[in-house]
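The structure under discussion appears below in the form of structure tokens.
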Amino acid sequence: MERVRVGVVGCGAICGAYLGAGQQFRVLDFVACADLLPERAQARAQEFGVPRVCSVDDLVADPNVDVVLNLTVPKAHAGVATAALRAGKHTYAEKPFAVSREEGRPVYELAKKKQLRIGCAPDTFLGAGIQTCRKLIDDGWIGRPIGAAANMICHGHEDWHADPEFYYTTGGGPLFDMGPYYLTALVNLLGPVKRVTGSATITYPQRVVTSQPKYGTVLQVECPTHVMGIMEFANGAIGTIAMSFDVWAAQVPCLEIYGTEGTLAAPDPNCFGGPVRLWRNGAWSEVPLSHGYAEQSRSIGLADMAYGIRTGRPHRASGEMAFHVLDVMCGFYDAWEQGKWVALETTCERPAPLPLGLPAGTLDE
Ligand SMILES: NC(=O)c1ccc[n+]([C@@H]2O[C@H](COP(=O)([O-])OP(=O)(O)OC[C@H]3O[C@@H](n4cnc5c(N)ncnc54)[C@H](O)[C@@H]3O)[C@@H](O)[C@H]2O)c1
């Protein structure tokens, strides 16, 4: 299969994970790197043997680039995606899809109008752990799904990330940063969400950076950092979500799915592997992983989109699903501000499950 040429915009922390894990997918050919800070693009290109370093404008205009991989900070996602689509390029972004519905909708519409592919992280739902959960649910092991609980409780990222500002500005916070992993996993497992309600707060209006090189910098917190939500799925299941950067310690499962005949304890949806644990007939057991890609495989969603470009099949980490997840997240905030339930304007198809037995480094055609 002809390889798909990828130009990377945004060469910060997560870029190394893409360029590293991306090497396993033969369909991907990383041809160029760009960043607002050219030295970052230079460094990543050198580290991973990417042949070209250029400006963002030149990368987007480059006829040798088929897909613009957008690994910039959330506030820049929509702008970079729009420029790529206008230049006739497919584009795949890190999460979130955009920082608001108003910003995300035109990007989604433009991709449709131009008949270009738009994909979006997270792609961890294509990993062995969540794909095994999907198979168990689809094969009826927990009966009819009736509920779910998603929890990501921590104390934020200013103690390790070199540039933690974006976690505390619009488009950041635990909901927009970590919510996409949990919500995408849930949509993959249970289908789209119909309506939501929620509440949120900012416990600490300022944060002090304790990582290097910005140790001691005081950040003003612009977005909610402690968010609780309830979701009703179109299939009738009811889920809760708790996303917090304000809690020192907690003992809650990251993701559980409840059914009429059993319970599924899913692995961390921010990771690719297991363990997957199933309760049925009075006992818990660990289920062997049915699928591959249990190791760090960030870029599998991009590789899946590349297969889609070459074969014409739909890709799984789709703009449609990411825009729906964005709508769910915005819905929690709208519900909190307006004190009511919010019916979602968007929906999406559940992405097709990955087939069993894929050879390493490949996806289905
Ligand atoms: N760091 C992680 O562990 C992690 C994990 C998963 C996903 N992500 C997501 O990846 C994205 C990037 O996160 P990161 O941690 O790599 O951030 P980062 O700040 O380390 O890197 C972002 C890079 O994008 C560049 N950039 C910003 N705006 C730009 C623009 N308009 N044009 C070109 N370059 C631009 C910055 O100069 C920087 O080098 C975010 O959406 C984040 O949610 C991060």
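None of the figures in this text is laboratory data; all of them are computed from the coordinates on show. Predicted model, so just to flag it, every value in this text is computed and none were measured. Here Cβ is always computed from backbone atoms with ideal geometry, including for glycine, and neighbour counts include all displayed protein chains.
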Note: Arg3 to Ala234 extended length (0.36 nm per residue) minus current alpha-carbon separation gives 79.4 nm
Between Arg86 and Trp248, what is the label-point separation in nm under the 7 Å Cα-to-beta-carbon projection? 5.0
Arrange Glu39, Glu320 by Cβ neighbour counts within 10 Å, fewest through most, would you? Glu39, Glu320
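For the range 249-365, count all C-alpha to C-alpha pairs, find those more than 19 Å apart, and express that count as a whole percent of the total. Before the final figure, lay out the partial values.
On the way: 4362 of 6786 pairs.
Here the tail beyond 19 Å accounts for 64 percent of pairs.
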Can you pull the three principal axis extents for the Cα set of the range 195-297, in Å, largest first? 52, 34, 23
Long-range amide H partners of Asp246 with built H, under 5 Å: Cys154
Taking only the alpha carbons of the range 1-149, the radius of gyration and the largest Cα-Cα distance, Dmax, both in angstrom, are 17.1, 54
I'd like to compare 297-304, 357-364, 197-204: which one has the highest average count of other Cβ atoms within 10 Å, and what's the full order after that? 297-304, 197-204, 357-364
Thr260 to Glu365: extension gain in nm, 0.36 nm per residue of separation minus the Cα-Cα distance? 34.3 nm
Starting from the 7 Å offset along Cα-to-Cβ, what nm value, one decimal, do you get for the label separation of Gln23 and Glu109? 4.4
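Hey, what does the equivalent ellipsoid look like for the range 125-287, semi-axes from the Cα gyration tensor as sqrt of 5 times each eigenvalue, largest first, whole Å?
On the way: eigenvalues 210, 55, 31 Å².
Semi-axis lengths for the range 125-287 are 32, 17, 12 Å.
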Any of Lys75/Lys112; Lys75/Lys114; Lys112/Lys340; Lys114/Lys135 with alpha carbons more than 26 Å apart? Name them for me. Lys112/Lys340; Lys114/Lys135
For the chain, report the translational diffusion coefficient in µm²/s to the nearest whole number, using Stokes-Einstein at 4 °C, 1.567 mPa s, and a Kirkwood Rh over Cα pairs. 62
Would you mind getting me the FRET efficiency between Lys75 and Gln46? Use the beta-carbon distance for r and R0 = 30 Å, nearest 0.05. 0.65
Tell me the label-point distance for the pair Ala61, Thr170, using the 7 Å Cα-to-Cβ offset, in nm and rounded to one decimal. 3.0
Give, as a single signed number, the net charge of other residues whose beta carbon lies under 12 Å from the beta carbon of Ser290, with Lys and Arg counted +1 and Asp and Glu -1. 0
Kindly provide the Kirkwood hydrodynamic radius of the range 165-216 in Å, to one decimal, from all pairs of distinct alpha carbon atoms. 13.6
Toward the positive end of the charge dipole of the chain, about the Cα centre and with charges on Cβ (Lys, Arg +1; Asp, Glu -1), which of Tyr182, Trp336, His315 goes farthest? His315
